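This report refers to the structure that appears directly beneath it.
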Amino acid sequence: MPEAPKETDPNLVAETNKKKLEFIEEITSNPDHIQQQVLSEILSRNAHVEYLTRHGLNGHTDRETFKKTMPVISYEDILPDINRIALGDTSPILCSHPISEFLTSSGTSAGERKMMPTIEEELGRRSLLYSLLMPVMSQFVPGLDKGKGMYFLFIKSETKTPGGLPARPVLTSYYKSSHFKERPYDPYTNYTSPNEAILCPDSYQSMYSQILCGLCLRTDVLRVGAVFASGFIRAIRFLEKHWSLLCHDIRTGTLNPLITDESVREAVMRILQPDPEKAEFVESECGKGSWQGIITRLWPNTKYVDVIVTGTMSQYIPTLDYYSNSLPLVCTMYASSECYFGVNLNPLCSPSDVSYTLIPTMAYFEFLPLHSNDDHELVDLANVKQGQDYELVVTTYAGLCRYRVGDVLRVAGFKNKSPHFNFICRKNVVLSIDSDKTDEVELQAAVRAAVTHLEPFGASLTEYTSYADTSGIPGHYVLYWELSHNSAIPPSVFEDCCLTMEESLSSVYRQNRAYEAIGPLEIRIVEGGTFDKLMDYAISLGASINQYKTPRCVKFAPIVDLLNSRLASSFFSPKCPKYAAV
Ligand code: AMP
């Protein structure tokens, strides 16, 4: 039997929302004072931990001594400490509270994963941030408590460190925690996916059963989403591949025998009923050839798509627009394994305007002006300047101290006295052959400019990555492109794409080209499905589907080999880009 609908007292929902919004008002009105309290709390409880003692903080809890004494660090600086904890040293090294587990962060170009020690109580902070999202959203879209969210959420199987601590991605940790599994009934965390399907470590079974339940409950669905845009699109692609099997299950009320996990079967069977009419409808929509607007066709009550499309994820906006008939794309939050940072208080804004207000109770935040390496230049949350770019530095309750997150943020404005930030990019993703350094944003802009040449052919870029090929002399930039189709596109068009990319890259790049320190840029067209294979490979190495982001630059030889093994054609820039020597 399907679950009986649960009733929620609308007054209670309204009252809870009001309290959460008041909380946001309060903390954004007084960020500096709260930050001072947070720092003092972190430093007093950690007064005797080895790391702070080693640097000579001597129990001080004030900002000034902290800033004078403690260095700004990167992951490599604390790697020896992290390794000791991983090996089983339980003495208070970074934090006075016991380390409960390691959160593995999805590395990008370098391939290696980071291991972030965390403590039990951080789960409470993450829950708090999640609890702010729907009260904010409900100000703009009323009635969301009257239906369900179809969210594709996944875990991955976890490992243990030699010392016996679990090591897993932050979302796996959260979904497996009682905060998620035993959440009290709340109309805003009422998902179409049963917990058992979300918690199934087999990605096929998890995806299949989540989509099946989403189809069964299709008219209840008011919002759809995943963590990142790429994960959501992967779900739609899965549906494209498997809809006839899914429709068979809906028609007959029986479940695909490939779903072997007993708890998943039981959970799905509580929702699945033989429904030939629904099966026929889904089949006719999926079989129509065009998948434009498939979201609104299959889930007609959907008000928005909840996925992160900021940063490199902006690449997916056209695809999401296509599938959703341009429903609002909503980016609700900004978070990482190190710390959950903030929320978008204006969630219906356009993706290019998304900004996140950092929640000052989550951690102590500092900001390093971009291109500065001087620790003395760090500014506090309340003192950042509008329009300026900063690298985010955090001091967390779990023991990270003045840790460079590696994200570049731009101050977009202020809510009360609290700044909100555009996510600009991850700082460390670069292509470099000589003195040139191309970051993710520059690369993306160049790709965007180049793909306009494909428009007349009705082709679009579905995925891309890059590689600094230094096997020849001089080295050159290689772009791997996967296209919606590449038939009937003359080679000269791809050559124009190469040149347009080069013209769009920095003057240092073009100067190097003029002096032949960099060879002509190359575009390698790969066969359809290559980037899915790349993702499967990353997942086989331990990345999680939720957190997987296509690396915009690859270095890891097996990944480069994989891309090269699926080459369809390759093109070079026919001439040197314009460069005005000054
Ligand atoms: P991970 O620790 O693997 O979950 O990755 C965290 C990183 O993902 C952050 O430091 C950001 O670079 C990126 N990220 C997280 N949330 C967002 C967001 N809302 N917009 C853009 N990038 C994000």
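Sparsely packed loop sites in segment 355-459 (the trypsin sites (Lys or Arg not before Pro) outside DSSP H, G, I, E and B with at most 12 other Cβ atoms within 10 Å) comprise K385.
Taking other residues whose beta carbon is less than 9 angstrom from the beta carbon of P135, and scoring Lys, Arg as +1 and Asp, Glu as -1, yields +3. Amide H to amide H distances under 5 Å link E101 with T118, where only residues 5 or more positions off or on other chains count and H is placed in the peptide plane. Of the DSSP H helices in the chain, those that are both long (alpha-carbon extent of 24 Å or more along the helix axis) and hydrophobic (Kyte-Doolittle mean at least -1.0) are 10-29, 122-140, 229-252.
Fully extending the segment from L567 to E266 would add 104.0 nm, taking 0.36 nm per residue of separation and subtracting the current Cα-Cα distance. Let me know the whole percent of all Cα-Cα pairs from segment 302-360 that are separated by more than 13 Å. The answer is 60 percent, as a whole percent. Here the ratio of the Cα radius of gyration of segment 305-456 to 2.2 N^0.38 Å is 1.12.
Between K417 and L79, the contour length at 0.36 nm per residue exceeds the Cα-Cα span by 118.1 nm. Relative to its Kirkwood radius, the Cα radius of gyration of segment 253-383 gives an Rg/Rh of 1.15.
Note on segment 441-578: with charges restricted to the Cβ of Lys and Arg (+1) and Asp and Glu (-1), its dipole about the Cα centre is near 260 debye. Computed from the alpha carbon positions, the gyration tensor of segment 119-198 leads to an equivalent ellipsoid with semi-axes of 28, 15, 10 Å, biggest first. Computed across the chain, the Kirkwood hydrodynamic radius from all distinct Cα-Cα pairs reaches 25.5 Å. Computed from the alpha carbon atoms alone, the convex hull of segment 387-545 holds 184 Å³ per residue. Listed by chain and number, the lysines placed with their C-alpha closer than 16 angstrom to that of K241 are K288, K533; residues fewer than eight positions away on the same chain are left out. Averaging over all projection directions, the Cα-based convex hull of segment 402-452 occupies 5.7 nm² in the image plane.
Considering all different alpha carbon pairs of segment 7-49, the Kirkwood hydrodynamic radius works out to 12.7 Å. Given R0 = 22 Å, the distance between the Cβ atoms of D89 and N58 translates into a calculated FRET efficiency of 0.45. Any idea what log10 I(q)/I(0) is at q = 0.10, 0.23 Å⁻¹ for segment 139-254, Debye with uniform C-alpha scatterers and no solvent? One equal scatterer on each Cα of segment 139-254 leads to -0.34, -1.40. Computed over the Cα atoms of segment 366-411, pair by distinct pair, the Kirkwood hydrodynamic radius stands at 10.7 angstrom. Using only alpha carbons, segment 67-175 has a radius of gyration to Kirkwood radius ratio (Rg to Rh) of 1.07. Normalised by 2.2 N^0.38 Å, with N the number of residues, the alpha-carbon radius of gyration of segment 454-525 equals 1.17.
The stretch between N373 and H33 holds 119.7 nm of extra length on full extension. This uses 0.36 nm per residue minus the Cα-Cα distance. Centroid-to-centroid, using Cα positions, segment 317-342 and segment 496-520 are 33 Å apart. Report the far tail of the P(r) of segment 532-582, meaning the percent of Cα-Cα pairs longer than 14 Å. So the pairs more than 14 Å apart make up 66 percent of the total in segment 532-582. Around the Cα centre of segment 40-169, unit charges on the Cβ atoms of Lys, Arg, Asp and Glu (plus for the first two, minus for the last two) sum to a dipole of about 360 debye.
Quotient of the Cα radius of gyration of segment 4-138 and 2.2 N^0.38 Å, N being its number of residues: 1.37.
Each reported figure results from applying straightforward, stated rules to the coordinates on display, with no laboratory input. Remember, it's a predicted structure, so these values are computed and weren't measured experimentally. Every residue, glycine among them, receives a Cβ derived from its backbone with ideal geometry; neighbour counts consider all protein chains shown.
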